[in-house]
Amino acid sequence: MALMQMALTNYRCFADGIDVTLRPLTIVLGKNNSGKSALVRAPVLCNTGITTDSPAPLDLDLLGEDMLESFTDLIYGNRPHGNIGIKLKFDQTSLPLQLSAEVQNIDEYRTQILTHIELQQGDTTAKLSWIPTEFADDVRYGIDYNGIEHEDVRMPFSGLLPYPVGELDIPADLNRFFFQTAAQVREAFPKIRYFGPFRDRPSRLYRLPARMPDDLGTSGEYAAAVLASDYTRQQGRLVQQVNELLQPELSGWRVNVIERAGMYSIVLTFQDDDSLTVNLADVGTGVAQVLPILVRRALDILKPLNFPVLEIVEQPELHLHPAAHGGLADIYIAAAKRPNVRFMIETHSETFLLRVRRRIAEGSLDPSMVAVYFLESTGGVATARPIKVAEDGSLDYWPTGIFSEDYEEARAITKAQSAKDNVDAT
């Protein structure tokens, strides 16, 4: 089971909403300030309404201040009395599963209310509609359950999902439906991994953590600790796997971990001379930026996932030479073919997309595994247009002037040279 489709209305810069189909490899393109970050961070937002025990529809405390200041930041136009809509569709072999919700901001109470909720599993549907009352904490709903209406039900929630507890004046089969469907949504919703556009600059020395970190962090800040833990406790299996991924792009060097007086350094070692080492803090920024990505991929290879994951990465190619972008795309293509993990990648790299198209044309990547979206903004309103990749790697649409900079610069150089030659001739 996997999250297959995500739609949001009145969300951030998307006045007309967004509706995105998620594939094993979803690629998001667009110019600066076109809404790319808002789109790729939408699953992170939805996650706050699924994996929470908070009665608030969206547990925004989970996001941190770097990603959001207040709920009104989510609403198009920052309207204090606005709302946003969320629709999630899950792929399930037996019965389709879907959650729709509308979250209304109540500005005078600095709180949010679920005004409309619809849960669907197969042919069974329950719709809840908020009944406004005099008191903000007295939340009541009218419920339509397969055409049978139930009025004035006080229904508690855990995030976006009904959480029927205690004595509720609803039939037992509806109570069961709420419990079962909410549990299935939580099980189907993927674990969200998020790498922001800037990974942490490495330090010269690290302490060995008491245990292997569970996560690499949104900026890869725990990648070095994971490598040090692996080197000490797992005989360096992870380090070896990282080097297998790194070698095609950094031939002749390998990542290594060195212990010094109880502290650990992450270094690059020259393969032909072990005495030649360079601390990762002293190497080019590109290697340091890509290391957490390689550590994450190596971890999944060594320990395959048995639960759904959606990994979101902003600009994985940051600070890498364009010659390495294709190899990075191949790493993600290989990872997307593994079970239970899907990727949403925001990139500025033409080479990344070209490598994906090449693999499709060569027949080593099924085009049904790939979704491409191009974002553009006009007058502050963003839109996300899907671009279909055919079996021969061709595209059914391409915006004018995108990734044509090299051609335009070369044409301008030729024009300038021609003009200079004409002046010299006279």
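Looking only at region 64-116, which residues are charged (D, E, K, R) and either closer than 17 Å to LEU161 by Cβ or under 24 Å from the mean Cα position of the chain (by Cα) (or both)?
Looking only at region 64-116, we keep the residues that are charged (D, E, K, R), and these are 65-66, 69, 73, 79, 87, 89, 91, 102, 107-108, 110.
Within region 64-116, GLU65, ASP66, GLU69, ASP73, LYS87, LYS89, ASP91, GLU102 qualify.
In region 405-413, the condition of being of a type outside the set (A, V, I, L, M, F, W, C), surrounded by 13 or more Cβ atoms within 10 Å (Cβ to Cβ) and either modelled with pLDDT under 95 or not in a loop (DSSP other than H, G, I, E, B) (or both) is met by no residue.
Could you please give the count of residues in region 363-398 that are surrounded by 15 or more Cβ atoms within 10 Å (Cβ to Cβ) and either hydroxyl-bearing (Ser, Thr, Tyr) or part of a loop (DSSP other than H, G, I, E, B) (or both)? Let's see the steps before the verdict.
So the first thing to find is which residues in region 363-398 are surrounded by 15 or more Cβ atoms within 10 Å (Cβ to Cβ), and the list is 365, 367, 369-377, 382-384, 387, 389, 393.
Next, from what is left, pick out any that are either hydroxyl-bearing (Ser, Thr, Tyr) or part of a loop (DSSP other than H, G, I, E, B) (or both): 365, 373, 377, 383, 393.
So the count comes out to 5.
For region 172-195, the condition holds for no residue, the condition being that it is part of a loop (DSSP other than H, G, I, E, B) and out of contact with any Pro (no Cβ under 9 Å at 6 or more places or on another chain).
Restricting to region 74-111, what's the tally of residues that are farther than 24 Å from PRO190 by Cβ and outside any loop (DSSP other than H, G, I, E, B)? Write out each step before concluding.
Our first condition is that a residue be farther than 24 Å from PRO190 by Cβ; within region 74-111, this holds for 75-83, 104-111.
Filter again for outside any loop (DSSP other than H, G, I, E, B), leaving 75-78, 83, 104-109, 111.
So the answer is 12.
In the set VAL278, VAL255, VAL226, VAL267, which member is out of contact with any strand residue (DSSP E or B) (no Cβ under 6 Å at 6 or more places or on another chain), farther than 30 Å from ILE113 by Cα, at pLDDT 90 or above and assigned to a strand (DSSP E or B)?
On the way: VAL278 fails: out of contact with any strand residue (DSSP E or B) (no Cβ under 6 Å at 6 or more places or on another chain); VAL226 fails: assigned to a strand (DSSP E or B); VAL267 fails: out of contact with any strand residue (DSSP E or B) (no Cβ under 6 Å at 6 or more places or on another chain).
The conditions single out VAL255.
Residue-by-condition table, conditions (1) aliphatic (A, V, I, L, M); (2) surrounded by fewer than 17 Cβ atoms within 10 Å (Cβ to Cβ):
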position	(1), (2)
GLY220	no, no
ALA225	yes, no
GLN234	no, yes
ASN243	no, no
SER251	no, yes
VAL255	yes, no
ALA261	yes, yes
VAL267	yes, no
GLN271	no, yes
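Only one of the numbered conditions (1) in contact with a Leu (Cβ under 8 Å, 6 or more places away or on another chain); (2) more than 18 Å from ASP53 (Cα to Cα) is not met by ARG79, and that is (1).
Does region 317-334 include one or more residues that are closer than 22 Å to ALA2 by Cα, among the small types (Gly, Ala, Ser), out of contact with any Pro (no Cβ under 8 Å at 6 or more places or on another chain) and outside the structural domain of LEU245 (by TED's automatic domain parsing)? Within region 317-334 (the criterion being closer than 22 Å to ALA2 by Cα, among the small types (Gly, Ala, Ser), out of contact with any Pro (no Cβ under 8 Å at 6 or more places or on another chain) and outside the structural domain of LEU245 (by TED's automatic domain parsing)), the answer is yes, since at least one residue qualifies.
On the basis of being closer than 25 Å to VAL309 by Cβ and either surrounded by fewer than 16 Cβ atoms within 10 Å (Cβ to Cβ) or of a type in the set (A, V, I, L, M, F, W, C) (or both), does ILE106 make the cut? So that I can check it myself, show each step before the final result.
Numbers: closer than 25 Å to VAL309 by Cβ: no; either surrounded by fewer than 16 Cβ atoms within 10 Å (Cβ to Cβ) or of a type in the set (A, V, I, L, M, F, W, C) (or both): yes.
Judged against the criteria, ILE106 is not a match.
Quickly run through region 301-326 and pick out the residues that are over 26 Å from LEU29 (Cα atoms) and either in contact (Cβ under 8 Å) with a residue 24 or more places away in the chain or surrounded by 14 or more Cβ atoms within 10 Å (Cβ to Cβ) (or both).
So the first thing to find is which residues in region 301-326 are over 26 Å from LEU29 (Cα atoms), and the list is 301-307.
Answer for region 301-326, where residues must be over 26 Å from LEU29 (Cα atoms) and either in contact (Cβ under 8 Å) with a residue 24 or more places away in the chain or surrounded by 14 or more Cβ atoms within 10 Å (Cβ to Cβ) (or both): ILE301, LEU302, PRO304, LEU305, ASN306, PHE307.
Scanning region 60-103 for residues that are at pLDDT below 90 and acidic (Asp, Glu) yields ASP61, GLU65, ASP66, GLU69, ASP91. For region 343-362, give me the residue count where each residue is of a type outside the set (Val, Ile, Thr), farther than 19 Å from HIS321 by Cβ and surrounded by fewer than 23 Cβ atoms within 10 Å (Cβ to Cβ). Selection size over region 343-362: 6. Looking only at region 73-103, residues that are of a type outside the set (Gly, Ala, Ser) and surrounded by fewer than 17 Cβ atoms within 10 Å (Cβ to Cβ) come to 10 in all.
The values are calculated or read from the model by the stated rules, or taken from the named source; none is laboratory data. Since the model is a prediction, treat every value here as computed from it, not as a measurement. Note that we place each Cβ from the backbone using ideal geometry, even for glycine, and neighbour counts take in every protein chain shown.
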